[in-house]
Amino acid sequence: MTTPEAAGRVTLRTEAGVAWITFDRPAARNAMTWAMYEQLSGICQQLQQDHSVRVAVFRGAGGQAFVAGTDIEQFLAFKSGDDGVAYERRIEAGIVEMCSLPMPTVAVVEGFAVGGGLLLATCCDFRLATPDAQFGVPIARTLGNCLSLENLARLRSAWGPQRMRRMLMLAELLGAPEALACGYLHAVAEPAELDAATGKLVQQLAALAPVTQRVSKAGLQRLQMHEVPPEGSGDDLIRAAYGSADFAEGVSAFVGKRRPAWKGC
């Protein structure tokens, strides 16, 4: 029988407009169990409806890993390639939920963000990491499986095609300096300074126009999956921004030479 501690958990704490989500299974480097994926899905659904949350921060417990992929023991039940297709579709549904969160999201990475953990970090809009952080998908030397095309597209957009070849075909783990140099990381901070760096970024994000952030994020998501979008496919986002009370407030504040009071609507 699997104990709650062995199954792990994903927790949510909301404070002062910031949601703090923790992947809590440090004994297994926060490798995701089915139960944790279900909890993450529930949290994402909750955050979709919580308009008081301005920023969501994702972090792994224990200081040794963000998330070290999916718990490999769960793959022992797989009998055919169809099991793999079902698994990838299940993961894709969860990834879409996380990527589609309307507020800015931040991943705080200490140690490993590999496999599914790399995908979860890549879902976030901004990433902070410690100097020892490592990123990769070393399945060519471990499981011998593959990623879905949707996730390949996400990772290619974030890292570039050649770095993805190194991760997937050479099973390389890339370090924080390279991740920072290629733009994947927003910043690198020493462990003792990571909380302060996270707090600073959260404050910067929370002070800005949430409607602009929301529609810009949605537009970037669409472009990531469709490099040449159909004409007019972003009109709904434009209407949402220009038709918002925040836009009217922004114009009024700019003309009146005062700071805008953003409401997120």
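On the given criteria, is A121 small (G, A, S), in contact (Cβ under 8 Å) with a residue 12 or more places away in the chain and part of a loop (DSSP other than H, G, I, E, B)? It is false that A121 is small (G, A, S), in contact (Cβ under 8 Å) with a residue 12 or more places away in the chain and part of a loop (DSSP other than H, G, I, E, B). Based on what the data block shows, is R165 surrounded by fewer than 21 Cβ atoms within 10 Å (Cβ to Cβ), modelled with pLDDT of 95 or more and not small (G, A, S)? Taking the combined requirement at face value, the residue satisfies it.
Scanning for something on the phi > 0 side of the Ramachandran plot and not hydrophobic (A, V, I, L, M, F, W, C), does the stretch 110-119 turn up at least one residue?
yes
When the stretch 243-264 is filtered for residues that are among the hydrophobic types (A, V, I, L, M, F, W, C) and either under 16 Å from A206 (Cα atoms) or in contact (Cβ under 8 Å) with a residue 24 or more places away in the chain (or both), the ones remaining, listed by number, are F247, A261, W262.
Just one of the numbered conditions (1) loosely packed, with under 14 Cβ neighbours inside 10 Å; (2) out of contact with any strand residue (DSSP E or B) (no Cβ under 9 Å at 6 or more places or on another chain); (3) more than 20 Å from E150 (Cα to Cα) is not true of A7: (1). Among the residues of the stretch 84-115, those that are farther than 14 Å from I139 by Cβ and in a helix (DSSP H, G or I) comprise V85, A86, R89, R90, E92, A93, G94, I95, V96, E97, M98, C99. Annotation note: of E150, E178, the sole residue that is outside any loop (DSSP other than H, G, I, E, B), surrounded by fewer than 21 Cβ atoms within 10 Å (Cβ to Cβ) and in contact (Cβ under 8 Å) with a residue 40 or more places away in the chain is E150. Within the stretch 47-85, being in contact (Cβ under 8 Å) with a residue 12 or more places away in the chain and more than 22 Å from the chain's Cα centre (by Cα) holds for Q74, F75, G84. In the stretch 55-83, the residue that is nearest to A113 (Cα to Cα) out of those that are in contact with a strand residue (DSSP E or B) (Cβ under 7 Å, 6 or more places away or on another chain) and in a loop (DSSP other than H, G, I, E, B) is G69.
The values are calculated or read from the model by the stated rules, or taken from the named source; none is laboratory data. Note that the structure is a prediction, hence the values are computed from the model and not measured. So basically every Cβ, Gly included, is an ideal-geometry build from the backbone, and we count neighbours across all protein chains shown.
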